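We did not get these values from a lab; they are worked out from the coordinates using the rules stated. All values reported here derive from a predicted model rather than from experimental measurement. For neighbour counting, all protein chains shown are included, and Cβ atoms are generated from backbone atoms with ideal geometry for every residue, glycine included.
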Amino acid sequence: MGVHLIGGGFGRAAFAPFTAEVQAVAAAKGVDVPRVAVVTVREDAHPGHAANLIDALTADGAIALDTRVTTVGLTDLVDPGVFDDVDAIAIAIGGGLTPAYHAALEAGYDVIRTAVQGGTPYLGFSAGAMIAAERAILGGWRIGEVAIAPEETAEDLDEITVVPGIGLVDVSIDVHVAQWGTLSRLIAATEAGALDGGLGIDESTVLIADAEGLRIAGEGSVWRVFPGSEGVTVSSDRAVL
């Protein structure tokens, strides 16, 4: 079982490990074309984001996947039944407005978690990566009256908001870190005690959590933020290319 968390962006190297794992799982089960349940939550249920994800997953058609797409609007809910048939299915959750993904998928968190614990690979892209955590950052750009991140990264929230997520990883996740300046949100939320630290993932970069531990692939860095006796410590790791 692998949990693949992508910080946004469509660089192919960030998607390749997930696709390879899906193919390996399918081969072990004797399935020629693996199925992937793709879920996106977009304004007016627009299908464009799902198409971009599928292109990245299949390297524009060079790899065969049987993708089962569910796209709902920003105020709609996703039927947990889309994850019921998990034999040789992987799960890919897209990006967009993180609070909308949390609300749309919350009823299916137990189903997703059970599937992943049973060996189903999971890919979370941007919002899909953020809600994968036990304590999921939904957004926000202030702590009290203090601005701690760019307002345009707030996900339509004012105050930093942390809620129970799917629980696939035990550390909070933020995304688009180098590109959107969200590292400051992780640092400030950790310093304020809203988080016990976290990991920030750059675009076109994937953090993979599996039986071997944590590893990184793609083009950017993963930023580690954790509290200490002398304040918050920040470090980073890059993929070995």
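Summary of values
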| item | result |
| --- | --- |
| Charge sum, other residues only, whose C-beta stays under 14 Å from Glu219's C-beta, Lys/Arg counted +1 and Asp/Glu -1 | -1 |
| Beta bridge orientation in the chain: antiparallel %, DSSP, nearest 5 | 55 |
| For the chain, the spread of Cα positions along each principal axis, largest first, Å | 54, 40, 29 |
| Spin-label pair Val234/Ala64, simplified geometry with 7 Å Cα→Cβ offset, distance in nm | 4.7 |
| Dipole moment magnitude, nearest 20 debye, the stretch 1-88 about Cα centre, only Lys, Arg, Asp, Glu C-beta charged | 260 |
| Neighbour-limited loop hits for GluC sites (Glu not before Pro), the stretch 144-218 (at most 14 other Cβ within 10 Å; DSSP other than H, G, I, E, B) | Glu145, Glu212 |
| Length gained when the stretch Val163-Ala211 is fully extended (0.36 nm per residue, less Cα-Cα span) | 14.7 nm |
| Packing-based exposure ordering (other Cβ within 10 Å, fewest first) of Ser235, Ser184, Ser229 | Ser229, Ser235, Ser184 |
| Gap separating the Cα centres of the stretch 1-73 and the stretch 128-154, nearest whole Å | 26 |
| Residues whose placed amide H lies under 5 Å from that of Ser221, excluding near-sequence neighbours | Asp202 |
| Fewest-first ranking of Tyr122, Tyr101, using other Cβ atoms within 10 Å as the exposure measure | Tyr122, Tyr101 |
